[in-house]
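**Student:** This is the structure I want to talk about, given as structure tokens.
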Amino acid sequence: MSEIHEGGCLCRSVRYRAIGPALRTLVCHCRFCQKMTGSTSYAETMYPVDAVEFIGRLSIYRHYSETSAKPVHVHFCPTCGTTVTLTFERWPEYRAISRGTFDDPDWIPIDAHIWTESAQSGVVLPASTDCFRQARIKLDGTPEVAERFGAPVFAKRDA
């Protein structure tokens, strides 16, 4: 039997089923994610794009990444405005599901924090978790080196 995780938007007009194992869960602290959520960060669980089935209609907002200049598509409920998922021109094979929209958002641990150089003051990065000053992978496809801390630390250590 396949692993299935369900979720949806705040008003329940949009529901989804994510089938199979998730690839990873990240917390992104970039300015785009801060603006998109109106908060300090965006927690996203990555799946293969075809592993998620939707019931209900999603609206789409296209944003151009400041780093890659490629579109990031924000898929949101047209009724309540909940961001349910993101898709990426840079990585067309992946879909990010907003972790907070899962019926049980705690089912999967957070693997890494990305774009920590943009984190807001007061944000604490956890111990023993991969943290990346920018993205996990450079534009040329090479991996970045993660920072790991022995104890929780403030993201803005120089302030």
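**Student:** Tell me which of these ARG136 doesn't satisfy, since it passes every other one: (1) in contact with a His (Cβ under 7 Å, 6 or more places away or on another chain); (2) at pLDDT below 95.
**Tutor:** (1) is the only condition that ARG136 fails.
**Student:** Another question about this same structure. Which one of these is surrounded by fewer than 19 Cβ atoms within 10 Å (Cβ to Cβ), under 30 Å from PHE154 (Cα atoms) and β-branched (Val, Ile, Thr): THR45, THR40?
**Tutor:** Working: THR45 fails: surrounded by fewer than 19 Cβ atoms within 10 Å (Cβ to Cβ).
Going through THR45, THR40 in turn, the sole match is THR40.
**Student:** For residues that are in contact with a helix residue (DSSP H, G or I) (Cβ under 6 Å, 6 or more places away or on another chain) and not in a strand (DSSP E or B), scanning just segment 16-30, find the one that is nearest to SER121 (Cα to Cα).
**Tutor:** My answer is HIS29.
**Student:** While we're on this one: Counting only residues that are in contact (Cβ under 8 Å) with a residue 40 or more places away in the chain, give me the strands (runs of 3 or more DSSP E) lying completely in segment 31-133 with at least 1 of them. I'd like the intermediate steps shown before the answer.
**Tutor:** Values: elements: 42-48, 52-55, 59-64, 71-76, 83-88, 94-98, 112-114.
The strands (runs of 3 or more DSSP E) meeting that bar are 42-48, 52-55, 71-76, 83-88, 94-98, 112-114.
**Student:** Quick check on this structure: which one of SER128, SER68, SER98 is under 17 Å from SER41 (Cβ atoms) and of a type in the set (Ser, Thr, Tyr)? Walk me through it before giving the result.
**Tutor:** On the way: SER128 fails: under 17 Å from SER41 (Cβ atoms); SER68 fails: under 17 Å from SER41 (Cβ atoms).
Unique residue meeting the criteria: SER98.
The values are calculated or read from the model by the stated rules, or taken from the named source; none is laboratory data. Please read all numbers here as calculations on a predicted model, not as lab measurements. Please note: Cβ atoms are built from the backbone with ideal geometry, for glycine as well, and neighbour counts cover all protein chains shown.
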